[in-house]
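Beneath this line is the structure, given in structure tokens, with notes to follow.
The values are calculated or read from the model by the stated rules, or taken from the named source; none is laboratory data. Remember, predicted model here, so these are calculated numbers, not experimental data. Note that each Cβ is placed from the backbone with ideal geometry, even for glycine, and that neighbours are counted across all protein chains shown.
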Amino acid sequence: MQVKSFEEYHQAYQQSVEQPEQFWENIANNFQWRKKWDKVLEWNFKEPKVEWFKGAKLNITENCLDRHLENNADTPAIIWEPNDPTEDHRVLTYRQLHDKVCQFANVLKNNGAKKGDRICIYMPMVPELAIAVLACARIGAVHSVVFGGFSAQSIADRIKDAECNIIVTADGSYRGTKEVPLKSVIDDALVQCPSIKRVIVLTRSHTPVSMIKGRDVWWEDEIKKVETQGNPECEPEEMDAEDMLFILYTSGSTGKPKGVVHTCGGYMVYTGYTFSNAFQYQPGEIYFCTADIGWITGHSYIAYGPLSQGATVVMFEGIPTWPNAGRFWDIVEKFKVNILYTAPTAIRSLMSFGDDVIKGKDLSSLRKLGSVGEPINEEAWHWFDEKIGHGKCPIVDTWWQTETGGFMISPIANVTPTKPGYATLPLPGVQPVLVDENGKEIEGNGVSGNLCIKFPWPGMLRTTYGDHERCRQTYFAAYENLYFTGDGCLRDEEGYYRITGRVDDVLNVSGHRIGTAEVENAINMHSSVVESAVVGYPHDIKGQGVYAFVVSPEKHGDEELTRKDIIMTVSRIIGPIAKPDKIQFVSGLPKTRSGKIMRRILRKIAEGDTSNLGDTSTLLDPAVVDEIKAGAM
Ligand code: ATP
Ligand code: MG
């Protein structure tokens, strides 16, 4: 499934466009099916209705577990690093992971779970989270993982939307020095959720919890029951390629979360293929993805993608800054990590601690680096490249979305020449187009527009749970026969793609279209800036003015001087047109729990309309909003 040269990439790409069905059929043949498809693809973007590998039968866990047992049973599947570095790490081989998944699948069955049921999972980043996810897939239940930091209200909304009947959780979780009482949050959420008949609670933090008779059971007790029943195996449920595999709610940075639905066959093929190809994964390599399984990155590139390829995945329970900001580098050294996949927000945060925390860490095992989540600004890209990769590791800047299931535009490690800030080129099978406001395709190079995809790919969403019309409206109605990503993008002279931020975040300053990401990129070049967020606000003369929220540790220095300096920097890098009209220094930005800036809140504040900030329940630290409101200019 891997291309080995830039020439091979171009060949594969061309084939994928000219003969997409044949291309994907070849890829799909690398997986294990109970029955192969009658038809590779049927689709229209009007309804939309997209079906891949129609008529095929499979179980994704057979591909992620059973098929590795013959030759790689003793290969580590998951290496788990706990929050507290003095606690022992754990290793689960493919054999052990298989057995544990079967065991817990039987627990689910004992507790009444059936194929098609929706099961909510609200857990810390411990191996049992991956086990619970795979156990659902084993029995054909649909998992809906809710990140273990969400509030009771957010969980209740998601449980009600999906009508879940079981929830799997833990007593509590550790994040740095904090202890989060997960079960107690669940108890609050469940007041509103009569559909939940069973709560399965894993012991992690030993936080006292109250258990409700007839509803709540302990994970460990249920495992013991399965053991005494003496049936360690759990036959995988035979699933149709288009049966639902999971629901995952998007992070909510642009509004009410949507329950994105992925199905078994296409998602398996797409995540396995893109993982293997983009990272050029080689057997034996140690791969560390710093995301939480609660996000799509964790679903596709901690769980399903790597495991279907027999990879060894490092899973980390804690946070990058505890006990100190060298934690990632300690983990790299400890497990001799070869591939590190993380996010710009983490990179920028770690950068701000200076080079001392990297000094003396052995990062020589690293071969490939990856980035996901937002456009990576050039300064962070160079720091990642030089300080972490020592100039010898390609940076795989993967652009994709919850809705796309897997990587869409991304370099292939050691194959695609990289370029700072660019996601580079579409992977084989992906057909991006740029369109103007009227949906007219903008052809040629050296252009920018709204990023759409014009042909289906196997990992794409099929619907939004319980509301197909919303799926159509959100993604397929803006432009006829195109999937609309919501992102703005430029294609440079060489045909390389650079994401310029969300379309809503493109400013129109005196008739010039400027991506907020570009301005932020320039601001972040300034030595005393940790990070920044730029939004537009109504401006009498320019139409839109540029309002910058800037996090700077030198906040207490001469603010006016720094302000002038930042304006000069932007002017020099992009041009005077992009100069911020207002710069507000803040101690932090409002971020979702996946680390994304909630720009719609900043937009409201910049517009001076702070009365209705909308749903802020998915914010990491709501207090920061009050501070920003108070200091608004
Ligand atoms: P919501 O859709 O609820 O607003 P979200 O879009 O933040 O939430 P995700 O699906 O996790 O939820 O994020 C996908 C978005 O993240 C993309 O549309 C894009 O804006 C941004 N993104 C992800 N990876 C990259 C990347 N490598 N470069 C630039 N932008 C990226
Ligand atoms: Mg989105």
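Some points to look at:
- Where strands (runs of 3 or more DSSP E) fall wholly inside the stretch 451-538, the ranges with 2 or more residues that are within 16 Å of ligand 2 (Cβ to nearest atom) and in contact with a strand residue (DSSP E or B) (Cβ under 7 Å, 6 or more places away or on another chain) are 483-491, 497-502.
- Test result for GLY595, within 28 Å of the chain's Cα centre (by Cα), part of a loop (DSSP other than H, G, I, E, B), within 16 Å of ligand 2 (Cβ to nearest atom) and surrounded by 15 or more Cβ atoms within 10 Å (Cβ to Cβ): yes
- The stretch 412-439: number of residues that are closer than 20 Å to TYR479 by Cβ and either surrounded by 18 or more Cβ atoms within 10 Å (Cβ to Cβ) or modelled with pLDDT of 95 or more (or both): 7
- On the stretch given as the stretch 474-486, residues that are touching a residue at least 40 places away in the same chain (Cβ under 8 Å) and within 11 Å of ligand 1 (Cβ to nearest atom) total 4.
- Each residue in the stretch 492-513 was checked for being surrounded by fewer than 23 Cβ atoms within 10 Å (Cβ to Cβ) and either away from ligand 1 (no atom under 12 Å from the Cβ) or free of Cβ contacts under 8 Å to residues at least 24 places away in the same chain (or both), and 12 pass.
- Test: residue in the stretch 398-405 that is more than 16 Å from ligand 2 (Cβ to nearest atom) and surrounded by 18 or more Cβ atoms within 10 Å (Cβ to Cβ): no
- Of note, PRO320 satisfies the criterion of being in a loop (DSSP other than H, G, I, E, B), within 18 Å of the chain's Cα centre (by Cα) and more than 16 Å from ligand 1 (Cβ to nearest atom).
- Single condition ASN524 does not satisfy, out of (1) among the polar types (S, T, N, Q); (2) crowded, with 20+ Cβ neighbours inside 10 Å; (3) more than 30 Å from LEU427 (Cα to Cα): (3)
- Residue match in the stretch 341-359 (condition: within 24 Å of the chain's Cα centre (by Cα), closer than 11 Å to PHE288 by Cβ and part of a loop (DSSP other than H, G, I, E, B)): no
- Cross-chain or 6+ apart pairs with Cβ under 7 Å, the stretch 23-37 first and of a type in the set (D, E, K, R), then surrounded by 15 or more Cβ atoms within 10 Å (Cβ to Cβ): GLU25/VAL40; ARG34/LYS57; ARG34/LEU58; LYS35/ALA56; LYS35/LYS57; LYS36/ALA56
- Of all residue pairs spaced 6 or more apart or on separate chains, those with beta-carbon atoms under 7 Å, a first member in the stretch 537-550 that is among the basic types (Lys, Arg) and a second member that is part of a strand (DSSP E or B) and surrounded by fewer than 24 Cβ atoms within 10 Å (Cβ to Cβ) are LYS542/VAL509.
- Scanning the stretch 605-623 for residues that are buried (at least 21 other Cβ atoms within 10 Å of the Cβ) and away from ligand 1 (no atom under 13 Å from the Cβ) gives ILE605, ALA606.
- Restricted to the stretch 271-294, and to residues there that are more than 15 Å from ILE339 (Cα to Cα), assigned to a loop (DSSP other than H, G, I, E, B) and in contact with a helix residue (DSSP H, G or I) (Cβ under 8 Å, 6 or more places away or on another chain), the residue that is modelled with the highest pLDDT is ILE293.
- Answer from ILE223, ILE167 - the residue that is in contact with a helix residue (DSSP H, G or I) (Cβ under 9 Å, 6 or more places away or on another chain), in contact (Cβ under 8 Å) with a residue 40 or more places away in the chain, farther than 24 Å from THR250 by Cα and β-branched (Val, Ile, Thr): ILE223
- Taken across the stretch 222-231, residues that are more than 16 Å from ligand 2 (Cβ to nearest atom), in a loop (DSSP other than H, G, I, E, B) and at pLDDT below 95 do occur, with at least one present.
Conditions tested, residue by residue: (1) closer than 16 Å to MET525 by Cα; (2) within 16 Å of ligand 2 (Cβ to nearest atom); (3) part of a helix (DSSP H, G or I).
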site	(1), (2), (3)
SER364	no, no, no
LEU369	no, no, no
GLU374	no, yes, no
GLU379	yes, no, yes
